[in-house]
Each structure stands twice: as C-alpha cells, then as structure tokens.
Amino acid sequence: MYYNEMAGLKISALGMGNMRLPKVEGENEKIDRKRAEEMIDYAMAHGINYYDTAYRYHGGESELFIGEALKKYPRESFYLASKFPGHMMVKKEGGVVGFTSGLAGWPDSTVPGVFEEQLKKCQVEYFDFYLLHNLCENSLPMYDDEELDIIGYLKKQKELGRIRHLGFSSHAVSAATIDDFLTKHEGVFEFVQIQLNYLDWKLQDARAKYDVIVKHGLKVVVMEGVRGGRLASLPEEEMKKLRTVRPEDSAARWALRFLQALPGVAVTLSGMSSMEQLVENIETYQEPDPVTKEEAELLFTVADSMLSWVPCTACRYCTEGCPMELEIPKIIAAYNAVKNGENSAKYDPDECDPSLDPRRCIGCGACQGICPQNIAIPDIMTEFAGML
Ligand code: SF4
Ligand code: SF4
C-alpha cells in the first residue's frame, strides 16, 4: 500500500468505503457481518487506514457495523470518516430535523442528537474526518440555515476534539456551487469528497469540480472511482481497446490508475462488496502506477461510448421510499442494457420478480429529488415500460 498526505496525516491511497458491503442473500440492505468483517480485517492487515461510512449507508447499519468491526484495533491505527445527513433532512420547528418524504419512518432528531447518535453507533469518542453529506444545490439551504447552524455546531465539535478534520462530500450539478461554498466558508473545510472517474470527467463535469477543489488548496477524496461497478465491467468491445495496451489489466485497475494520475487526489474510496474486489484493489495500490497521457486519452474514448447511459451508481438512496418496493437501480441497469442493445432478448418483466417490473411504477415521485445523480427516475420508468 502506498500513502498520501492529507491534513498532515499519512493516509492510505485506497480507502475502504462502507456503502456496498456484502449483504445477506435475499436482503436489500442487511450486511453479511461475517464476510464484511473478514474484509475489514484483511484491509487493516494490508495497510488500509481510511474507513468511510455515513448515517444512512445500509439503511443505518453501516455505522453500527464499522464501529463493531474496528473496535478491536487501537483507535490511533485507523482513520474513521462519517457524514451528517443534511441532504436527506428537512427543518422542523425548534431546531428539530426530520427526514425527507422518501425516508418516512425515520425518527426526528436534532443536529446534536444526530451527531451524538453517530459517535455512539461507531463506538468512538471522535471522528478523524467528518463531512456534510452531499452538499449540492438542493441541500444548500439546509446546510446554510442560520437557525439550525449545522456548520457552527460542527466547528464547535472540532474545537472540542470530537471532529479532527471537517470536510464535505458533494454531488453538486455545478462546480460553481462547490466554489461558492468554499469561498463563503473559507478556512472551515480541509477536504472535499467528490464523484470522480474517467467517465464523469466529462459526463458530470468532474474535471471542473476537481479543479475548483485544488484551486482552493484542498485535497480530494474520491468516491465512485469505478462508478458503482459500472467501470469494472466494460462491454467486450471497449475492453479490447484497453487490452491492446495492457493485456492483463482489468477494467477496474484502469479506472483506479486514472485516479492515481491526479495529484490532488489523496484517497480513493472503493465501496467493495467482496474479498476478491478488495484483494485486487489492494494489489493496484501497492505502488503508484498512474495512466500516461495517451492512456488517459484512450479511457476518454471508452467513456465517449457510455455517455448515453443513464448514470445510476446503484447507491440505493431511492429505493427505501418507493411504495411499490421497486428495485430501481436494477431496473435502470436493465434499461441501459436494453437501450444499448446488450440484453433485449433476455429482459422479460413477466418472467421477473415484480420488483423488477417498471410497469408497476405509479409515478408517485417519492424517489424524485433524492437521487445524487439527478436522474429523473419516474420518467425512466415510464419510458422503459413503454419500450417493453
Ligand atoms: S415514482 Fe415509481 S419508482 Fe419512484 S418511488 Fe414512486 S413508484 Fe417508486
Ligand atoms: S437512481 Fe439515483 S438514487 Fe437510485 S440507485 Fe441510481 S444513482 Fe442511486
């Protein structure tokens, strides 16, 4: 494992994301604790020292799991990052916060209440890194609300040593949103976590976001480096192009090497779901092996072939609130495959589980506005239903 500097610390260049841990078969969110803990132990034994979680990952179980899995290690042997879920919250009377409509059933709390709960769930006295979760055009009013004073409260926790380093993650549409926020809160944040990979370089203007963060003198934490697995499994035609240059390399390795070439990137998070992925990724991070300029250009031609795909990363933020219990990311994956002529013969919704049938969408809109990729989910459902 090689290491980079961030906030004066030596951080493993590969970080362990805890949003896509192995799950119990047949369950949507429930973590397979045994398999997941084996992965954490392997990661610790092989030099990964950055562990990222959030209040909402795995329906709230991720923080509980990582707290349990890491408690046998000395506290100073790992860096733990978690996030304040303001992007999924609504302000209520008297400093109380509740969750957006897609998360009905989650109890109301307060800003301190959420933070204290997180420390307790993670079984720690402090977070090494703490982020506002998804600062974007929609969540800005919440994070800048003067009455709730989320940022003021977190700054206070930093003074008290309960947060060591403050940052934010962002799926903002525009790089200017990140730029303006950093300018307004100059000196408060030390790092920014963004979705960055060779496809989003153009598709979601990730290049401009990266440039803004570097311009402010901050480090970048990468999320979705292989885009929820999409860039780990390329169509055969695209793989052929890459094999002509490096016959042995996997698609995931190509994607991660692209990030290794960006000097502002301190740590790349990978939400790994299996031991195989973890072993392969750790291998990729033994030594820096950044793509050359020519290799980056080749990756951009691969990306060009995918620009028409609906950019779902299978984060599952949208699934909890769906009254029809539709498996939205799986339906979108099927839509992409059918639309791009990969799988049309195989996808017959009458033969599938009802949760995979887009014709069951009632257009209620509970999923609307929650998607960090700004996908118009009801429109996709309607279009796909029509195609079938
Ligand atoms: S609009 Fe369709 S997919 Fe979205 S929550 Fe409602 S039923 Fe589910
Ligand atoms: S549609 Fe959006 S919210 Fe739902 S899984 Fe895909 S990226 Fe996540």
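Coordinate-derived values only; no laboratory data. All of these numbers come straight from a predicted model, not from anything done at the bench. FYI the Cβ positions are ideal-geometry reconstructions off the backbone, even for glycines, and counts take in every protein chain you see.
Considering only 338, 328, 31, the residue lying farthest towards the positive end of the dipole of the chain is 31, judged by Cα position with unit charges set on Cβ.
Loop-located trypsin sites (Lys or Arg not before Pro) in region 287-388 (DSSP state not H, G, I, E or B) with no more than 13 neighbouring Cβ atoms inside 10 Å: 346. Here, the chain has an Rg and a Dmax of 20.3, 62 Å when only alpha carbons are counted. Highest GNM mean-square fluctuation, the chain, Cα pairs closer than 10 Å: which of 136, 371, 352? In the Gaussian network model the winner is 352. Scanning residues 5 or more positions from residue 195 or on other chains, those with amide H under 5 Å from its amide H are 170, 223, with H placed 1.01 Å from N in the peptide plane. Summary value for the chain: 15 percent relative contact order, contacts being C-alpha pairs under 8 angstrom separated by 6+ residues. Dipole of region 204-290 computed with +1 at Lys/Arg Cβ and -1 at Asp/Glu Cβ about the Cα centre; of 262, 231, 252, farthest Cα towards the positive end is 262.
In a DSSP loop and with at most 14 other Cβ atoms within 10 Å, the GluC sites (Glu not before Pro) in region 1-67 are 25, 27. Taking the Cα centre of the chain as reference, the dipole from Cβ charges on Lys and Arg (+1) and Asp and Glu (-1) amounts to some 540 debye.
Simple point charges give the picture: +1 on the Cβ of Lys and Arg, -1 on the Cβ of Asp and Glu, and for region 1-122 a dipole about the Cα centre of about 80 debye. With 24 Å as the limit, the listed pairs 184/209; 30/121; 30/91; 30/202; 23/158; 71/330 have 30/91; 30/202; 23/158; 71/330 beyond it between alpha carbons. Checking every one of the GluC sites (Glu not before Pro) in region 138-177 against DSSP loop status and a limit of 13 other Cβ atoms within 10 Å picks out 146, 147. Entry note, the chain: the mean residue ellipticity at 222 nm calculated from DSSP H runs of n ≥ 4, each adding -39500 (n - 2.57), is -10000 deg cm²/dmol after division by the residues and rounding to the nearest 500. Can you tell me which of 160, 218, 259 moves the most in a GNM of the chain? Springs connect C-alpha atoms under 10 Å apart. Taking springs between Cα atoms under 10 Å, the residue moving most is 160. Residues whose amide H comes within less than 5 Å of that of residue 132, counting only those at least five positions distant or on another chain, are 84, 167, 168, 169 (H built at 1.01 Å from N in the peptide plane).
Mean-square fluctuations from a GNM of the chain, with a 10 angstrom spring cutoff on Cα atoms, peak among 60, 321, 105 at 105.
For residue 89, the residues whose modelled amide H falls within less than 5 Å of its own, excluding neighbours fewer than 5 places apart on the same chain, are 100. Using θ = phi - 60° in the Karplus curve 6.51 cos²θ - 1.76 cosθ + 1.60, the 3J(HN,Hα) couplings for region 12-22 round to 4, 5, 10, x, 8, x, 10, 9, 10, 5, x Hz; x is entered for Gly and Pro.
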